[in-house]
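Just below is one structure, and these are the notes that go with it.
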Amino acid sequence: MPISRIPMTFRINATEHALELDPRMTLLDALRNHLGLTGSKKGCDHGQCGACTVLVNGRRINSCLSLAAQHEGDEITTIEGLADGDELHPVQAAFVAHDGFQCGYCTPGQICSAVGMLEEIRAGWPSYASTDGAARPDALTEAEIRERMSGNICRCAAYPNIIAAIRDAAKEV
Ligand code: FES
Ligand code: FES
C-alpha cells in the first residue's frame, strides 16, 4: 500500500514553506532534497558526526535524527540563513578569519553547532567541562569548547582553528 504524504508547514530561514512529505522522511532529507538547501551535509546519517546540525527554535539538533513531520510550525535555521544579506554571521566570519576548515564538509554543521552552543552558554547550561556549572563566554576555555562541540567531527582535524574561531566569535555574539 502506498504511503500517504502529510501536509506540513514550517519556517525555514525566515521563509514559510508548505510541503507534502512522506512521514518517514528526515528533516535533513527534506531540507536537502525538497528545498534545495544543501548546506547541511549528510555525513554518517546516524547522529554521530554533526555534519547535519541545524537550529530548531534556536536549539541545535542533528537533522538526520529528526523526522520532518515532527517540525510542524517550527522555526528552522540552516547555514544558508545565518548571514544577514552579504554580512556573515560573526561565527562564519571567525571561521574564515581563523581558517577553521579544510575540505569544508563539516563546516556548516560546525558553525550551526557553535551558534547553538554559544546560546546555551549564555543561558547558563552546564557541561561536563565546567567546574562552576556555567562557563561565561569571556572565560571560554579550550576544554570547554572541545566538550561542548564534541558532537561535531572534522575528518580534516581542523580543530585548533575551529576552537580559535569559536573563542573569538564568543566575544561578539
Ligand atoms: S549526518 Fe547527522 S550526525 Fe552525521
Ligand atoms: S574541514 Fe574537512 S571535515 Fe572538517
Sorted by chain and then number, the residues having a modelled amide H within less than 5 Å of the amide H of residue 6, at least 5 places away or on another chain, are 21, 22
With every protein chain kept in place and a 1.4 Å probe, the chain has an accessible area per residue in Å² of 51 Å²
Expected vector for segment 64-78, Karplus 3J(HN,Hα) from phi with 6.51, -1.76, 1.60 and θ = phi - 60°, integer Hz, x for Gly and Pro, equals 6, 9, 10, 7, 4, 4, 7, 10, 3, x, 7, 9, 10, 10, 10
Here the residues of segment 97-114 lying in the modelled label zone of residue 129, meaning backbone nitrogen under 13 Å from a point 7 Å along Cα-to-Cβ, are 114
For the chain, the dipole about the Cα centre with charges only on Cβ (Lys and Arg +1, Asp and Glu -1), to the nearest 20 debye, works out at 460 debye
Rg from C-alpha atoms of the chain, normalised by the globular rule of thumb 2.2 N^0.38 Å, equals 1.05
In nanometres, the difference between 0.36 nm per residue of separation and the alpha-carbon distance of residue 103 and residue 156 is 18.4 nm
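Please give the charge dipole size of segment 87-173, origin at the Cα centre, charges +1 on K and R Cβ atoms and -1 on D and E Cβ atoms. Round to the nearest 20 debye.
Working: 7 positive and 11 negative charges, 36 e Å.
Dipole about the Cα centre, nearest 20: 180 debye.
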Of all DSSP beta bridges with both partners in segment 18-99, the antiparallel percent, nearest 5, is 100 percent
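The values are calculated or read from the model by the stated rules, or taken from the named source; none is laboratory data. Not measured: the values here are computed from a predicted model. Here the Cβ is made from the backbone with ideal geometry for all residues, glycine too, and neighbour counts use every protein chain on show. Surface areas here come from the heavy atoms of the whole protein model, side chains and all, with no ligands, DNA or RNA. Shrake-Rupley method; radii C 1.70, N 1.55, O 1.52, S 1.80 Å.
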